[in-house]
Amino acid sequence: MKKLKIVLMGAGSNSFGRGTIADLMSSKELNELDLEVYLVDIDKTALDRMFKFAKMLKDYHKSNAKIEATTNRLEALPDANYVIAALSQKRYQLWEQDFLIPYAYGFRHIYGECGGPGADFHTLRSFHITVPIAQDMEKLCPNAMLLNFTNPENRVSMAVNKLTKIHAVGLCHGPVGTLSAMSQILGKPTNDLEMTIGGLNHFHWVTDIRDKKTGEDLYPEFRQKIKDTSFPVDTLTRRMFDIFGLFPFPSPSHTGEYVSFAYEICGPVYMSWKDEIHAQEEEEKYGVKLFSKSKIQSVVDGDEPLTDELARPSGEFAIPIICGIEFDQKKRILSVNIPNEGFAITNMPEDAVVEIPAIVDAEGLHPVKVGALPEGISALCNKQVSIHKLLVEAYNTRSKKKLLEAMMLEPVVDSIDRAEKMIDDFLRIEKAFLPEFN
């Protein structure tokens, strides 16, 4: 029986950990293999909770997997085939700083997570967690694939691919939300649709939407129906669709991070969502149910039963990709974040990390040819790619100059002096989570 070792980094997370473990334990394909799963988290309390929960999921799904847990990644990584990671430190406290500090300097950004001046520091913190893990992988499991859920997706995946020999693939559930919105507007089941996207994570655009059986182009019908739809399409999404001609990821908090005009339409979205973000209670996002750690703890303690809902798979793409490779399934994955090899998007750089569909088989992931994006969209995306590259260079060389260059490309940054002072504040306030810059 073929052996397969999968390491989950950040496994103590009540959302990522629960969902990914459920995916692993419920996979009929992986149950045919000699599967070893290692859970890794530096938070021992969270890790212990998820380790116990994982054993409950194993019994629930009748999996044969061997499950281990450790706070030391060096114990888990040797000879791993795949590493699946979702990583952060003091996520919500630092996110608040990412929003409030630029806002205090007069930069009218709206969210501060994956794009804009605050997100540049989220990026650097994520580099500082993920790149060292990839460097350990080079020594302990050099042929392993890193399946990365750590935000900002494109930036983290680019850093790993450029600064190490590890092959990193970024994964995000956002495109599922885009497909769901289009299916509701069209009045057709998602399973009947084949959607092609192109662009960047949280800033992708639908280039093609077709009937999966007949191949009929459904964009003309979509353009007509969206004019009268009762589906709640936000103002920013509508305006961007009207101006640029393709349907964007319908999440204004995300797409608005990459343009200069979102504030006048949305205002400071982070402030209106702040309480919801901090609550971390049960909610549904892009069709995926998220559960609080208190809910999982109650199940582990025996105070509540393990329900079908808690045990169900997440719908994320990591395990389908692993199965596609291990069983040579030659299937289409809705979206991945991978280098633009062979110019899958013809008017974006080949070393950009782009969000596009891919075909997965025994040889790995193969980009679906998307073609050229409309000029306005490619210009918006390519500016972000330049920011990605400068941030990778700034991190690699520890250069404040390169960091300032990246900052001056941000659409909402309109002052050199204020940007320099803001950078100094960030480097002082977040010193414990960043490398030293010179």
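The values are calculated or read from the model by the stated rules, or taken from the named source; none is laboratory data. Just so it is clear, the structure is predicted and the values come from calculations on it, not from any experiment. Glycine gets a Cβ as well: all are built from the backbone with ideal geometry, and neighbour counts include every protein chain shown.
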Being farther than 26 Å from I110 by Cα, at pLDDT below 95 and within 17 Å of the chain's Cα centre (by Cα) narrows S314, S294 down to just S314
Determine if segment 258-268 includes at least one residue that is modelled with pLDDT under 95, closer than 27 Å to Y103 by Cβ and crowded, with 16+ Cβ neighbours inside 10 Å.
yes
Can you find, within segment 59-100, the residue that is surrounded by the fewest Cβ atoms within 10 Å (Cβ to Cβ) among those that are part of a helix (DSSP H, G or I) and touching a helix residue (DSSP H, G or I) at 6+ places or on another chain (Cβ under 6 Å)?
Y92
Determine whether segment 42-51 contains at least one residue that is part of a helix (DSSP H, G or I), at pLDDT 95 or above and of a type in the set (K, R).
yes
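Conditions tested, residue by residue: (1) small (G, A, S); (2) within 24 Å of S298 (Cα to Cα); (3) more than 24 Å from the chain's Cα centre (by Cα).
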| site | (1), (2), (3) |
| --- | --- |
| D48 | no, yes, yes |
| A86 | yes, yes, no |
| Y105 | no, no, yes |
| Y111 | no, no, no |
| G115 | yes, no, no |
From M422, M408, residue being in a helix (DSSP H, G or I), without any contact (Cβ under 8 Å) to a residue 24 or more places away in the chain and over 19 Å from I356 (Cβ atoms)
M408
Looking at segment 272-290, is at least one residue closer than 21 Å to A54 by Cα and modelled with pLDDT of 90 or more?
no
Considering only segment 401-422, state which residues are among the charged types (D, E, K, R) and more than 27 Å from the chain's Cα centre (by Cα).
K401, D414, D417, R418, E420, K421
Of all the residues that make up segment 92-111, how many are within 18 Å of R428 (Cα to Cα) and either out of contact with any His (no Cβ under 9 Å at 6 or more places or on another chain) or not hydrophobic (A, V, I, L, M, F, W, C) (or both)?
10
Can we say F16 is farther than 26 Å from K431 by Cα, surrounded by 21 or more Cβ atoms within 10 Å (Cβ to Cβ), of a type in the set (F, W, Y) and modelled with pLDDT of 95 or more?
no
Just to be sure before I move on: is G118 in contact with a helix residue (DSSP H, G or I) (Cβ under 7 Å, 6 or more places away or on another chain) and either closer than 17 Å to S335 by Cα or crowded, with 19+ Cβ neighbours inside 10 Å (or both) in the structure I sent?
yes
Answer from S386, S314 - the residue that is surrounded by fewer than 22 Cβ atoms within 10 Å (Cβ to Cβ) and over 24 Å from S180 (Cβ atoms)
S386
State whether one or more residues within segment 327-339 are surrounded by 15 or more Cβ atoms within 10 Å (Cβ to Cβ) and over 24 Å from P175 (Cα atoms).
yes
Find the residue count for segment 223-251, including only residues that are touching a helix residue (DSSP H, G or I) at 6+ places or on another chain (Cβ under 6 Å) and in contact (Cβ under 8 Å) with a residue 40 or more places away in the chain.
9
Does I359 qualify as being surrounded by fewer than 23 Cβ atoms within 10 Å (Cβ to Cβ), over 14 Å from G198 (Cβ atoms) and within 22 Å of the chain's Cα centre (by Cα)?
yes
Of the residues in segment 225-275, those that are of a type in the set (S, T, Y) and in a loop (DSSP other than H, G, I, E, B) come to T229, S230, S251, S260
Segment 168-194, subset under 16 Å from the mean Cα position of the chain (by Cα) and not in a helix (DSSP H, G or I), residue surrounded by the fewest Cβ atoms within 10 Å (Cβ to Cβ):
H173
Of I185, I133, the only residue that is under 22 Å from G215 (Cβ atoms), touching a helix residue (DSSP H, G or I) at 6+ places or on another chain (Cβ under 7 Å) and of a type outside the set (K, R) is I185
